[in-house]
Amino acid sequence: MLGLAAAAAPASTTAVTSSLANVAHPAHSSTPRATSSILHLRTLSPPNQLYQTTSYKFTAFRVNAMAETLSTPKLDSKPSVSGKRQALISLSDKKDLALLGNGLQELGFTIVSTGGTASALENSGVSVTKVEELTCFPEMLDGRVKTLHPNIHGGILARRDQEHHMVALDNHGIGTFDVVVVNLYPFYDKVSSSSGISFEDGIENIDIGGPAMIRAAAKNHKDVLVVVDSEDYSALLEYLKGGQDDQQFRRRLAWKAFQHVASYDSAVSEWLWKQTGGDKFPPSLTVPLSLKSSLRYGENPHQKAAFYVDKSLAEVNAGGIATANQHHGKEMSYNNYLDADAAWNCVCEFSKPTCVVVKHTNPCGVASRDDVIEAYRLAVKADPVSAFGGIVAFNVEVDEALAKDIREFRSPTDGETRMFYEIVVAPKYSKKGLEVLRGKSKTLRILEASKNNKGKLSLRQVGGGWLAQDADDLTPTDIPFNVVSEKSPQENELHDAQFAWLCVKHVKSNAIVIAKNNCMLGMGSGQPNRLESLRIAMRKAGDEVKGAALASDAFFPFAWNDAVEEACKSGIGLIAEPGGSIRDADAIDCCNKYGVSLVFTNVRHFRH
């Protein structure tokens, strides 16, 4: 995900850059849009040290092309300066090449091309001038040097409004190019393939000549139309037929070209950094973002919003809500994505069949059972008022029986109101299950998602910067539950504590969860003090609090006449907390007084 570039800097800083645009020509609104963004974080090191900079970017367009084999060059050829309009085409992905080549030829263009592309064009009936006929030089170094020649780049970069540029071309017998169509070798696909790739093969798949031509044409876009995406061929041909001089169209194509190259380079830099065995938090970090959809609005109707997919190599086949398949329902909203992500991340933590209900990113109901329908009903029962209009997530297939229960289940509050949900998310659906769920509501969003891989990097924006950290992937099996009280918990009580602890890590701090028998009974979230969160959780748990386990996301700063003592008096059987307070001894003494088991996990789960 990171590349290297040496420089000195006076201080440590972080820079963020993002670029968004749309490449479709206004006259062709049906042409698919290609929009992307690149988030670039760069840390500058102290003086006399090197810093590393990365340009990691993957756009919504193809990443294609370099190693094409050229025909045997005619070394006695001379550069052509015919005055005719020339188009340079060099493609790895040859989709719609015949359309492009024939269209340009019909418009009177002379087509200049490289080996594989030239052969494909000739097979489509297009007359082609081989690039070596212009360079008067053969391809060399196993294809590493092919188009890197003044007869090519001079014809691309010359400014038509600068007389001395044109005189220089004339003196050297170099013709100009009006159109450059290039895409790059699929490096991203190669290095992210399941079969893997050797370091040497990865290096040889790095394109050099292609990016150089694209950048040159994009820089000189006032005179040269540059195209990197086959989706733009029709718009290009229509533009040329109309004899237009729309500089905005040229600028959009140039933007797309630079994004195309940036995407390619960023994939190379991320891959190469990984080969160095460098730190997880490099001095320079760029996150490639590809627009998935424009949203109706953001958190609130007055905020514009969009949704981007992370195209980092690290995210290939790594799961998550961003790559979920929506089978049914209204388009996802900004808040839908946040809630679905929270529900999915929580439910995937459990090994037994589990249902999680989320409202405003907090799990308000969680239950695990061998019978997933029972788990669903218990999860809703934990807080049916909050569950109404929430998100329901499962870690097992939704079959016909479960789907019918989701569709018909009545609220436990009155036994009559049919439960309403915004989203159902699961790893898979049976054919009949999907059919039944679709019948529940036209608006119900049905998502099929893959579990998130562990070890991901978590990013969060603050004003003027970004925070990066490891994802909170720890589960109860990763940590010890150390008994610090006189009373030791029974096996079932310890299991309840582990279940509550797994739930509480997904609740906003200050967080308290009360659970028993693999079921959340109550939770308190987001309160400025832990005592209030405790009281909310106990109120929701009601009489079921007796003998239940309580988990706290952080230590209790006070025990006597505070949260610990109130929990003990309520009948809680076991408390699980990280420990680490200067008053831990008070918490231990309090639990001992009331005969409550206390375990320290030594792991905090703040969630802001």
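Remarks
- Among the protein heavy atoms of segment 521-608, carbon and sulfur supply 50% of the accessible surface, probe 1.4 Å, non-protein parts ignored.
- Net charge dipole, segment 547-589: roughly 80 debye, given to the nearest 20, about the Cα centre with Cβ charges of +1 for Lys and Arg and -1 for Asp and Glu.
- Around the amide H of Thr129, modelled in the peptide plane, lie the amide H atoms of Ile111, Val112, Ser113, all under 5 Å away and 5 or more residues distant in sequence or on another chain.
- Note on Ile479 and Ala98: with the Förster distance fixed at 45 Å, the Cβ-Cβ geometry gives a FRET efficiency of about 0.15.
- Modelled label positions at Ser198 and Val462, each set 7 Å beyond Cα in the direction of Cβ, lie 4.6 nm from each other.
- Once the Kirkwood radius over Cα pairs is known for segment 181-248, the Stokes-Einstein relation at 4 °C and 1.567 mPa s delivers a diffusion coefficient of 91 µm²/s.
- Nearest-ten-degree value, helix 372-382 long axis tilted from longest Cα axis of the chain: 70 degrees
- Low-density loop cleavage sites - GluC sites (Glu not before Pro) in segment 414-459, where at most 15 other Cβ are within 10 Å (DSSP): Glu416
- Probing with 1.4 Å while keeping every protein chain in the model, the per residue accessible area of segment 349-452 equals 42 Å².
- Where only alpha carbons of segment 233-288 are counted, the Rg and the Dmax (Å): 17.9, 53
- For segment 458-499, the Kirkwood radius over C-alpha pairs fed into Stokes-Einstein at 10 °C and 1.306 mPa s yields D = 117 µm² per second.
- Semi-axes of the equivalent ellipsoid for segment 80-199, computed as √(5λ) from the eigenvalues of its C-alpha gyration tensor and ordered from largest down, come to 28, 19, 13 Å.
- Binning the alpha carbon pair distances of the chain at 20 angstrom intervals from zero yields the distribution 18, 39, 28, 13, 3, 0, expressed in whole percent.
- With each label modelled as a point 7 angstrom along the Cα→C-beta vector, the Lys431-Arg296 pair spans 3.3 nm.
- Extension gain, Val385 to Ile208, is 57.7 nm, computed as 0.36 nm per intervening residue step minus the present C-alpha separation.
- Entry comment: accessible area of segment 225-343 is 43 Å² per residue, from protein heavy atoms only and a probe of 1.4 Å.
- Comparing segment 527-608 with the 2.2 N^0.38 Å rule of thumb, its C-alpha radius of gyration ratio is 0.99 (two decimals).
- Nitroxide proxy distance, nm - points 7 Å out along Cα→Cβ at Asp472 and Gln326: 2.8 nm
- Cut-off under 5 Å, modelled amide H: who pairs with Val396 long-range: Thr354
- Relative contact order of the chain, pairs being alpha-carbon contacts under 8 Å that are 6 or more residues apart, as %: 12 percent
- Among Val227, Ser441, Gly101 the positive-end extreme of the charge dipole of the chain (Cβ point charges): Ser441
- The overall shape of segment 295-376 is oblate: from the C-alpha gyration tensor, with semi-axes ordered a ≥ b ≥ c, the ratio a/c is 1.5 or greater and a/b is no larger than b/c.
- Only Lys, Arg (+1) and Asp, Glu (-1) charged, at Cβ; segment 227-317 dipole about Cα centre in debye: 160 debye
- Highest average first, the peptides 200-213, 295-308, 177-190 ordered by how many other beta carbon atoms sit within 10 Å of their residues are 177-190, 200-213, 295-308.
- Remark: the Asp543-Ser119 segment gains 144.7 nm on full extension, using 0.36 nm per residue and subtracting the alpha carbon distance.
- Sparse packing (at most 13 other Cβ atoms within 10 Å of the Cβ) combined with a DSSP loop state is found for the following GluC sites (Glu not before Pro) in segment 309-383: Glu331.
- Rounded to the nearest 20, the size of the Cβ-charge dipole of the chain about its Cα centre is 1140 debye, with Lys and Arg at +1 and Asp and Glu at -1.
- Computed over segment 430-583, the Cα gyration tensor eigenvalues convert (square root of 5λ each) into semi-axes of 31, 22, 17 Å, ordered from largest to smallest.
- Surface share of carbon and sulfur [accessible, 1.4 angstrom probe, percent] for segment 289-443: 48 percent
- Additional length obtainable on full extension of the chain from Lys569 to Glu397, 0.36 nm per residue less Cα span: 57.8 nm
- Of the whole protein surface, Asp414 contributes about 80 Å² of accessible area at a 1.4 Å probe radius.
- Over segment 558-601, accessible surface divided per residue gives 36 Å², non-protein components excluded, 1.4 Å probe.
- Share of alpha-carbon pairs per 10 Å distance bin for segment 549-589, given as whole %: 31, 63, 5
- Applying a DSSP loop filter and a limit of 10 other Cβ atoms within 10 Å to the trypsin sites (Lys or Arg not before Pro) in segment 539-608 leaves nothing.
- Top positive-direction residue, dipole computed over the chain with Cβ charges, set Val261, Ser458, Phe199: Val261
- A helix-only calculation puts the chain at -9500 deg cm²/dmol for mean residue ellipticity at 222 nm, using -39500 (n - 2.57) for each DSSP H run of at least four residues, averaged over all residues.
The values are calculated or read from the model by the stated rules, or taken from the named source; none is laboratory data. Predicted, not measured: the structure shown is a model, and the values here were computed from it. As a convention, Cβ positions derive from the backbone with ideal geometry for all residues, glycine included, and neighbour counts pool all protein chains shown. Accessible surface is based on the protein model in full, side chains and every heavy atom, while ligands, DNA and RNA are left aside. Shrake-Rupley method; radii C 1.70, N 1.55, O 1.52, S 1.80 Å.
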